[in-house]
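What follows is a short report on a single structure.
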Amino acid sequence: MNIDTGVPAIYMRDDYTCQQCKVRGGRLEAHHVKSFAIHPELRFDVDNGITLCKSCHRGGDARCRQVNLE
């Protein structure tokens with residue numbers, strides 16, 4: 001698995017929907033559930049990734065900060 005195939009697979013699996021605020025589409029980013037710095041073996045594991053909108057990934061929206069992913 002590499003980033004070119006992993007990220008689109010995560011988006012497709014999550015139906016192009018932010019898994020935190022549930023908004024579909026827009027500016028999406030893949031997020032590692034378990035940090036790849038601590039778990040390098042999971043860096044390209046699709047099951048360790050979720051789809052977030054840019055706002056939730058950056059923590060910049062109040063509704064996005066209300067939901068805890070872990």
Every residue from the stretch 11-21 that is assigned to a loop (DSSP other than H, G, I, E, B) and either surrounded by fewer than 11 Cβ atoms within 10 Å (Cβ to Cβ) or aromatic (Phe, Trp, Tyr) (or both): Asp15, Tyr16
Kindly indicate which of Pro40, Pro8 is modelled with pLDDT of 85 or more, out of contact with any helix residue (DSSP H, G or I) (no Cβ under 9 Å at 6 or more places or on another chain) and open to solvent by 80 Å² or more (accessible area, probe 1.4 Å). Pro40
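The values are calculated or read from the model by the stated rules, or taken from the named source; none is laboratory data. Predicted model, so just to flag it, every value in this text is computed and none were measured. Methodologically, a virtual Cβ is constructed for each residue, glycine included, from the backbone with ideal geometry; neighbour enumeration extends over all protein chains shown. Only protein heavy atoms, including side chains, enter the accessible area calculation; ligands, DNA and RNA are left aside. Shrake-Rupley method; radii C 1.70, N 1.55, O 1.52, S 1.80 Å.
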